[in-house]
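Just so you know, all these numbers are worked out from the coordinates, no wet-lab data involved. Quick caveat, the model's predicted, so the values are computed rather than measured. Because the Cβ atoms are built from the backbone with ideal geometry, glycine has one as well, and the counts that use them run over all protein chains shown.
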Amino acid sequence: MQRSINKLEIRLLKIEDYPLLKESMMAAYADMENAYWKEKHIRLLLKKFPEGQFVAVADGIVVGCALSIVVPDELAESDHTYLEITNNYTFNTHTVHGNTLYGIDVFISPEYRGLRLGRRLYDMRKELCEKLNLKGIVFGGRIPNYIKHAKDLTPREYIDKVKLKEIYDPVLTFQLSNDFHVLKLMTGYLANDKNSKEYATLLAWNNIYYSSKEKLLLNTKTDVRLGLIQWQMRPMSSLDILFEQMEYFVDAVSDYSCDFCLFPEFFNAPLMAKHNKLAESEAIRKLAEHTEAIKLKFKEFAISYNINIITGSMPFIEDNRLYNVGYLCRRDGTIEEFRKIHITPSESNAWGMVGGNTLQTFDTDCGKIGILICYDSEFPELSRLLSEEGMNLLFIPFLTDTQNGFHRVKRCAQARAIENECYVAIAGSVGNLPKVSNMDIQFAQSAVFTPCDFSFPTNGVKAEATPNTEMILICDVDLTLLDELRNYGSVNNLKDRRLDLYRVQRLEQVKT
């Protein structure tokens, strides 16, 4: 049975992890006798190459691991056995003068498979490979399902059928789906690997950023990929149907390796249809009953699909007061809440909604971000305060019924990008809900806006969706361009403020 995860951490291995690491290894290699590393081996690896050993830790439990060394490429690409590449588990083949990262082990505990944790460990290896300016990654991969086909297929025939997806192999299929290719077939690779008949594929991934010049540590990745969901409002009879549609979009943007996924404001409004006979204020409170379950489902998706999700917004009841709230579900399993501060007349009059009182930036693995819900984007003081806290990306989930309302959000979002020298992403809903009062029609054109200077599009529009059509908008933004703009731009909106004449401060700051 697959386990759920509340908090996930992908980090460097420590010797203190060994007891839990051993348990996880034994579960992962239950089909192989005594197939786990002794503590002395882990100590050796950590002594020789500590930056090459990664673990996946779920709720404090080690559930996966990726171990590696660096070897000369001529050794990695030659015929060899597992004992030879590890020098009989002494790892003396590891050398700082090597140019290939060799993966000596990777596994995920059975109860945590299917959550794409293995992919995340491989991503860490790829990042390390780029950071150390190595040619690529090589390793010998088992073919554990070969035992089921050995009577009818040669190893090469078996590999070809796995490539064509005619046969599923839990190891080789996974490696091929993670951009690895087969260099050759090796025999006698791992002693006592009965399921693979001791065969192994030599698999490789090439680092396209490799330079034959002197090895240099590369800068931290600054390109961020955004996935914006332009959501179609459609009748939905149950929460499960909503979950299916949510996962469809998260899965799609994850396949494009997006760092963030942005949903619109009140995207879950179709669930109000069955309460349409109630007063509008009662129907929205019925919708609020689903908010906790939707939040937890988004958290599950963030971990499983390795993506930070900005959940749009939903109604939420606290102390009998109705708020418009959303959540940042990070891919490590942590969650933070944000609330709409400025409530529109419609939200107040029809639903009895009230505004929140908290404004903050959020730390992510792509730097500090800000999130403002729809109407909040039309108040420049909020984004200015976030900008002063180091925000580089501002996300605005919105819902507008008419083109008038949409253009207010759009024009204000563009202004926020210019005046705060940041990127702004907006995502809204399209279509109609004839059986939901106060949510009859929607108009949207999701987009990513930039400052207007020579390093950016002249009109400040990085990407736009097709108006009023359900779709996904994928867009890359380069955070280093913001630093260049703030220092060498044609104008300097942040630097040139006359703080001797005016400034924006939080009320509590003014009081102090």
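With contacts taken as Cα pairs under 8 Å at a separation of at least 6 residues, the stretch 223-511 carries a relative contact order of 20 percent. On C-alpha positions alone, give me the angle between the axis of helix 117-131 and the longest principal axis of the chain, in degrees, nearest 10. Rounded to the nearest ten degrees, it is 80. Axis of helix 39-48 versus longest Cα principal axis of the chain: the two differ by about 70°, to the nearest ten degrees.
Using a/c under 1.5 as the rounded threshold, could you call the stretch 99-234 rounded, prolate or oblate? The axes a ≥ b ≥ c are square roots of the C-alpha gyration tensor eigenvalues, and prolate needs a/b larger than b/c, oblate otherwise. Taking the square roots of the gyration eigenvalues as a ≥ b ≥ c, the stretch 99-234 is oblate. Taking every DSSP bridge with both residues inside the chain, close to 75 percent are antiparallel. Classify the stretch 223-511 as rounded, prolate or oblate, taking a ≥ b ≥ c as the square roots of the eigenvalues of its Cα gyration tensor: rounded when a/c is under 1.5, otherwise prolate if a/b is larger than b/c and oblate if not. It comes out prolate by the Cα gyration axes. Can you tell me how the stretch 195-285 classifies by the Cα gyration tensor, rounded, prolate or oblate, using a/c under 1.5 as the rounded cut? Because a/c hits 1.5 or more and a/b fails to exceed b/c, the stretch 195-285 counts as oblate. A Förster distance of 56 Å, applied to the separation of the beta-carbon atoms of residue 165 and residue 346, puts the FRET efficiency at 0.65. Bridging of residue 495 to lysines at a Cα separation below 23 Å is possible for 368, once same-chain residues fewer than 8 apart are set aside. For the listed residue pairs 7/274; 14/38; 131/462, the alpha carbons are over 24 angstrom apart in 7/274; 131/462. With the contact rule set at Cα under 8 Å and sequence spacing of 6 or more, what percent relative contact order holds for the chain? Rounded, it is 11 percent for the chain. Packing around the peptides 342-351, 497-506, 162-171, 373-382, taken as the average count of other Cβ atoms within 10 Å per residue, puts them in this order, highest first: 373-382, 342-351, 162-171, 497-506. Remark: for residue pairs 277/435; 286/410; 22/297, the C-alpha separation exceeds 19 Å in 286/410; 22/297.
Here the extension length gained between residue 318 and residue 488 equals 56.5 nm, from 0.36 nm per residue of separation less the Cα-Cα distance.
Packing order of peptides 354-361, 80-87, highest average first: 80-87, 354-361 (average count of other Cβ atoms within 10 Å over each peptide's residues). Taking every DSSP bridge with both residues inside the stretch 8-206, close to 90 percent are antiparallel. In terms of overall dimensions, the chain has a Cα radius of gyration and Dmax of 26.2, 84 angstrom.
Normalised by 2.2 N^0.38 Å, where N counts its residues, the alpha-carbon radius of gyration of the stretch 8-206 equals 0.97. In straight-distance terms, cross-link reach from residue 40 covers every one of the aspartates and glutamates whose alpha-carbon lies under 17 Å from its own, apart from those fewer than eight places away in the same chain; here that gives 16, 17, 23, 105.
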